[in-house]
Amino acid sequence: MEQLEIENDKSELEKAKEYIYSFDLSYVSDRLINTCGWRKIDALQTEKYYRNFLFLNRKYGTMPPPEDVDQFFHEHILFTERYFADTQVIFQKYFHHRPMDPKKISSSDNASMNEQYNRFQELHKKE
């Protein structure tokens, strides 16, 4: 029974991974290029990193993204219906963006964020 549960979990993760690396995000890249002045090469590279960010969050839990990926994340969220549908497939729920309130950030919060960011970078390289 436990082995079957592990296989089912892996199957769900594999399904999410397949979706993450195949669904259309060109409209987000186009918006960054046409509205925010990004170069096409930067938007397309950040799109790849954003996909990795989604996968790592699906596999390992919530982690903060690098700044450029965070901006891509913000732009994806603006397309509310698509974003909702995408996160339903990937996470089986709405994937919230949880920015920290700059007025309430303590030095221990900064240390924690740096630690989480470093973990994200390590997992990004690993995966």
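The values are calculated or read from the model by the stated rules, or taken from the named source; none is laboratory data. Keep in mind it's a predicted model, so treat the numbers as computed, not measured. Side chains are part of the model used for accessible areas, which takes the heavy atoms of the whole protein and leaves out ligands, DNA and RNA. Shrake-Rupley method; radii C 1.70, N 1.55, O 1.52, S 1.80 Å.
Among the protein heavy atoms, those of Ile77 account for about 40 Å² of accessible surface (1.4 Å probe, every chain in place). Residue-wise HN-Hα couplings along the range 78-90, as the Karplus relation 6.51 cos²θ - 1.76 cosθ + 1.60 with θ = phi - 60° gives them from phi, are 4, 8, 3, 5, 5, 4, 4, 4, 4, 6, 5, 5, 6 Hz; Gly and Pro carry x.
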